[in-house]
Amino acid sequence: MNGVKNNRHNIIISASVALIILVTTIFSALHTDAATETLRLFLNDENWYNEYRYPLKEVDGVMYVPSNVFNEFDGISVVTDITAPDNFVISNSNNGKYVSFNTRKNIAQDEQGHVYEIVTWVLYGLVVSVPMKTVCSMIGLKIEEYKNNETGKIYYRICDENETLSFVKLLEIYNPKALNPEDITTETTTTPQTTKPTETTKNTDTTKPKVSDTTKEVDTKKPVDKPDPIYVYLSFDASPNEYTEKILDLLYRYNCAATFFLTSEGIKSHPKQVLRMISEGHALGVSTKDGSYNDISTLRDLIASFDSVNNTLCRLSKMKTHIARAPGGCASDYLFISSADASTVATKGYILWDWNIEAYDGVDSKYSAKTAYKKIIKELEEIISNNKNSSDNHSNIPVIRFSCTDTTADILELLLEYIYSSKAFVTKVISIYEKEINSAS
């Protein structure tokens, strides 16, 4: 009997080891350097501008595409349920088709109520990747393929019937090396010269800026040793207001995620900007009615104000949030919030978040945009340096707080250019799964 038990034990161990090896292999395959897969995807008559960061990836013979790709088409949106982060919807308002995903259960449902088993992956940052052909078919988009006979590499284009160029002509413009000799129709080809985010231009047909970007060639034969990313939280108070649209344009251009702390007045005055925040993958938190302590003198008043803002948000978006920020933070002179107070707020459904880097963009700031930017970078580098010498560096994750004034966009653009150029930083949204950072004590 003991021999049988030992055999079973050995079989279980062998199976476990095999499973670990398999999972490790898959994980490694999913996280190969993204730059080696550049310019494989095109959308109508343009390339997928952010392919260096969110490329296509083949898993088990299925080609996966980052879900944020679908936001590039007019009338198509990707909306995440901020109350249930495992759920998101890709909808096509042009034909009424949509697909709703539950990433934890790996199931999806279409507009007719049919349920499908669809596996999704979180391959890059916080963006969920979905099976490209399946989803395009479900929401009414078509896919074109082009194969390079020499390399065997396949290129893809997603279309919504608004394209004007042939796929071959498009490849001539953006990626002539992909073409087979017999398909080249012109003697010379030109490649766009943009190697960093281009200036935002207003598109009259959409609230999003038009973006064009390509990536640099890399030597795929050399291994790329990538250091661990440095996460940065960008947060914006008193949102939305008259300055928010330009802020959203900049975040979109640099493909950075942020967290916006909403006010009731802002939601009512700029509802389209709130919906844009959601559709472009930003996180939402609540502040007070107008972002100040007007009519608020107790902790109970503060919680009631959070509830009021959340109810306003829910009427607009059918969603609520559990993230909150008190005006001036937990150590404000107007209403000091102790650790016990923060626990009380938590029992009411809100997680309080402060910041550890000020953007120096307040209405009474004495700094120019360039000076404010330099101060942010100095504090950012100090936090990074402290992290290297600390075994518990969670409290030192950089959380930058912008006040959303007339100087915010100028400071933000300098900061985003720094983040983009360094290639070391990844912007991160605040979520209920993160340990909060605040000064409650």
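What follows is calculated from the coordinates using simple rules that are stated; it is not laboratory data. In this text the structure is predicted, and so the values were computed from the model without any measurement. All Cβ positions, even for glycine, are placed from backbone atoms using ideal geometry, and neighbour counts span all protein chains on display.
Under the definition of Cα pairs under 8 Å and six or more residues apart, what whole-number percent is the relative contact order of region 230-428?
Numbers: 320 pairs, mean separation 59.0, N = 199.
Relative contact order here is 30 percent.
Order these by the 10 Å Cβ neighbour count, fewest first: Met132, Met319, Met277.
Ascending Cβ contact count within 10 Å gives the list Met319, Met132, Met277.
So how many Å³ per residue does the convex hull of the Cα atoms of region 230-428 work out to?
With only Cα atoms used, region 230-428 gives 120 Å³ per residue.
Determine, from the Cβ-Cβ distance of Lys272 and Asn386 and an R0 of 35 Å, the FRET efficiency 1/(1 + (r/R0)^6), rounded to the nearest 0.05.
Rounded to the nearest 0.05, the efficiency is 0.30.
Exactly which trypsin sites (Lys or Arg not before Pro) in region 152-181 are in a DSSP loop and have at most 12 other Cβ atoms within 10 Å?
none
Only counting other Cβ atoms within 10 Å, I'd like Trp353, Trp121 sorted with the fewest neighbours first.
With the fewest neighbours first, Trp353, Trp121 line up as Trp121, Trp353.
Taking 7 Å along the Cα-to-C-beta vector as the label spot, tell me the Glu58-Gln112 distance in nanometres, rounded to one decimal.
According to this spin-label approximation, the distance is 3.1 nm.
How much length, in nm to one decimal, is gained on full extension between Ser137 and Ser292, taken as 0.36 nm per residue of separation minus their Cα-Cα distance? Numbers along the way, then the final one.
Details: separation 155, 0.36 × 155 = 55.80 nm, distance 4.81 nm.
Between Ser137 and Ser292, full extension yields an extra 51.0 nm.
What pairs in Lys348/Lys435; Lys97/Lys169; Lys268/Lys320; Lys133/Lys153 have C-alpha atoms more than 19 Å from each other?
With Cα atoms farther than 19 Å apart: Lys97/Lys169.
Could you work out how far apart the two model spin labels at Lys169 and Arg104 are, taking each label as a point 7 Å from the Cα in the direction of the beta carbon, and quote it in nm?
4.9
Could you list Arg401, Arg104 so that the one with the fewest beta carbons within 10 Å of its beta carbon is first and the one with the most is last?
Arranged by neighbour count, lowest to highest, Arg401, Arg104 become Arg104, Arg401.
Are there GluC sites (Glu not before Pro) in region 84-150 that DSSP marks as loop and that have at most 14 other Cβ atoms within 10 Å, and which are they?
Glu150
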